[in-house]
Amino acid sequence: MPLLKVENLSVRYGSIRAVTDISFSIEQGEILTLIGANGAGKTTTLRAVSGMLKPTGSVHFNGHNITGTRPDILLRQGLVHCPEGRGIFSNMTVLENLELGTFTRHDNEQIHHDMQSMFTLFPRIKERLKQNAGTLSGGEQQMLAIARALLARPKLLLLDEPSLGLAPQLVQTIFKIIREINEQGVTILLVEQNAHMALQVAHHAVVLETGSIAMTGPASELAKSDAVRKAYLGC
Amino acid sequence: MTELLQTLTTTIAVGSLYALLALGYTLVYGVLKFINFAHSDIFVLGAWTTFTAANVLTDRLGINPTQSPWWGAVLILLLTIAVCATVGYLIERFAYRPLRKAPRLNVLITAIGVSLLLQNLGQLNGRVTVATDKDGRPTATLPFGSTPRSMPPLLPDLVLNETVLSQGTLAGGTQRGLVKLDQPLTMLDGRTYRIEFTRTADGQPRREVLALTATAGTFPPGTDLATQPRRSPAEVDGLPYSLIRSPRVPIMLVDVVIVAVAITLMLGLEFLVFRTRLGRAMRALSFNIENAALMGINVNAVISFTFVLGTALAAAAAFLYPLKYPGLNQPAHQIWVLLGLKAFIAAVVGGIGNIRGAVLGGFLIAGIEFFGTLYGDKLFISLGARPGLGTSLADVYVFSILILVLLVKPNGLLGSPVKEKV
């Protein structure tokens, strides 16, 4: 049974169709990436899965129908969405942002342990705990956002454009971290414009074009396909 | 100097009321980004709830809260908070929540509508019968209506810093209206002196107060001293008395209670917002509702809680206000609107959405109102205007400060524009 199963998902903004009739599924332990150009419907799909938008069609998570369920309820079931633009609360300190990641948890000892492992994974964040989160650089904010999402102990992590606006070296780091997280057993749904990196790290890929699925398959095969190379990899 | 200190005590007492009210505006703005214009009407509701509860307590139950039990007033405070918080919750649930995704202007207009609704419900006259007995006689009527009422006292009318100069035995003077003390007395200029004693009249002990009307000077024991009201020698002869001097700057019990309750609530709020899990949720929500939901925060529950919190603070202010100003105007009277407006200005001046700013703004606005009245009048008189002109401009000073702050620092004194990194 797949961890996430999306069937015939459609989202409209008023009279505009943003996403039409999308179906895909993610197996436990894998990384699936949604790639495509600006406005292809990647973020909309992600927001529909995590309950931020009300879609038609169906979304099943862990065997339960979660179509249109509120994000705060889904988070408690292990579906954690790390939003586009990182969603950092820059009116709070870095530590407070991290603590928000544990908002629904009460296992204090385990939380402390998880915090420590976040500091190992992201040593830069540990140095800046008391600092206002708005003063972090873009890369540090992205790491904070991922660390915060991980503190909610996701079964499925939805990552929206984690490489956006980062220096190339930082992009490498972020993708390395995504792979590490996945190796620790977290299933990941990754939305990316950086198709090159996304196809390297993912197991499966879905290519979106103007709100519909254009192609789907194992990431390594798509990376070799001429259509994808021309459209998204620039070679 | 005396005037200045007196104005300062008024500023602190009224300022803490403004601050409590301003916190409600700022809390709601913080999470929902609109001005809850019904907030001042919640305050009016609270004041009238306090009035009704105090009347029931004294008339129907025969309890006099100024004596004992002391918890009578606390009971009324809690009841007022419960009533206002319930109404606040209902307003949010049924008027504002359906508009959560609507443009902010729509919500703002709805808020004005709710405000007018509450005002007009409050105008329903006290003679409107709510229930009748089997003979058709009214058993319950609305407590509020279109006439002003006077609040029964809930606190003893105590001045805390007055001095008991001496105690001894009182003697009647040479004629009615004069008394003699058995100790020397030096009266200072500009101070008031009074004699308190207990006299038995019609078989009942009664506490009496005689004001000494003599001017400054030193009087040896046995001097005839004129008093008001006038008592005959037979009425006062041989009674034990206390001679009390009023302070230059009286500190009233009611002011101390107001400030103590307000400061306690503000510290509690500060703790709640900055030190607890729920407070962290409120701050996350105020920054970005969508992203707060992604943290697992139940957005509707936290918004409801914020509303209840804001209205509870307004209720506390509404309980304290008639203790100081017992004349209660009818619910639609413009004085309430003005009061709410000043609290709103306090929130804006401090930086709307900023909790410490609301408190700062509350005290600042009160200061401008009362010091402006004090010195403004002097200034206008020195410029040749008639006395009283500077006093009647009190609200003008307040609104001028609003304009000034909006020109110089549009985000308010403690507000700061927040930029998101992309």
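The values are calculated or read from the model by the stated rules, or taken from the named source; none is laboratory data. Owing to the predicted nature of the structure, the values given are computational and were not obtained by experimental measurement. Quick reminder, even Gly has a Cβ in these numbers, built from the backbone with ideal geometry, and neighbours come from all protein chains shown. For accessibility, only protein heavy atoms count, side chains too; no ligands or nucleic acids. Shrake-Rupley method; radii C 1.70, N 1.55, O 1.52, S 1.80 Å.
What the table below lists for this structure:
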read-out	value
Residue in segment A:119-137 that is farthest from the other protein chains (Cβ to nearest Cβ), counting only those that are open to solvent by less than 20 Å² (accessible area, probe 1.4 Å) and touching a Leu at 6+ places or on another chain (Cβ under 7 Å)	A:Ile125
Test: residue in segment B:209-223 that is in the same structural domain as B:Met187 (by TED's automatic domain parsing), open to solvent by 50 Å² or more (accessible area, probe 1.4 Å) and either free of Cβ contacts under 8 Å to residues at least 12 places away in the same chain or of a type in the set (Asp, Glu) (or both)	no
Test: residue in segment B:265-282 that is open to solvent by less than 10 Å² (accessible area, probe 1.4 Å), at the interface with another protein chain (Cβ under 10 Å from one of its Cβ atoms) and aliphatic (A, V, I, L, M)	yes
Filtered residues of segment B:210-256 (kept if in a loop (DSSP other than H, G, I, E, B) and of a type in the set (Asp, Glu))	B:Asp224, B:Asp237
Helices (runs of 4 or more DSSP H) wholly inside segment B:287-398 containing at least 3 residues that are closer than 20 Å to B:Thr10 by Cβ	B:299-324, B:334-350, B:355-382, B:389-392
Single condition A:Val19 does not satisfy, out of (1) open to solvent by less than 10 Å² (accessible area, probe 1.4 Å); (2) in a loop (DSSP other than H, G, I, E, B); (3) β-branched (Val, Ile, Thr)	(2)
Which listed residue is outside the structural domain of A:Asn182 (by TED's automatic domain parsing) and surrounded by 21 or more Cβ atoms within 10 Å (Cβ to Cβ), from A:Leu74, A:Leu34, A:Leu9, A:Leu98	A:Leu98
Residue check, A:Glu84 in contact with a helix residue (DSSP H, G or I) (Cβ under 7 Å, 6 or more places away or on another chain) and open to solvent by 60 Å² or more (accessible area, probe 1.4 Å)	yes
Candidate set from segment B:142-195 (those that are assigned to a strand (DSSP E or B) and open to solvent by less than 30 Å² (accessible area, probe 1.4 Å)); member that is farthest from B:Tyr325 (Cα to Cα)	B:Gly172
Complete set of residues in segment B:283-340 that are in contact with a Leu (Cβ under 8 Å, 6 or more places away or on another chain), open to solvent by 20 Å² or more (accessible area, probe 1.4 Å) and closer than 21 Å to B:Leu272 by Cβ	B:Val299, B:Phe305, B:Leu309
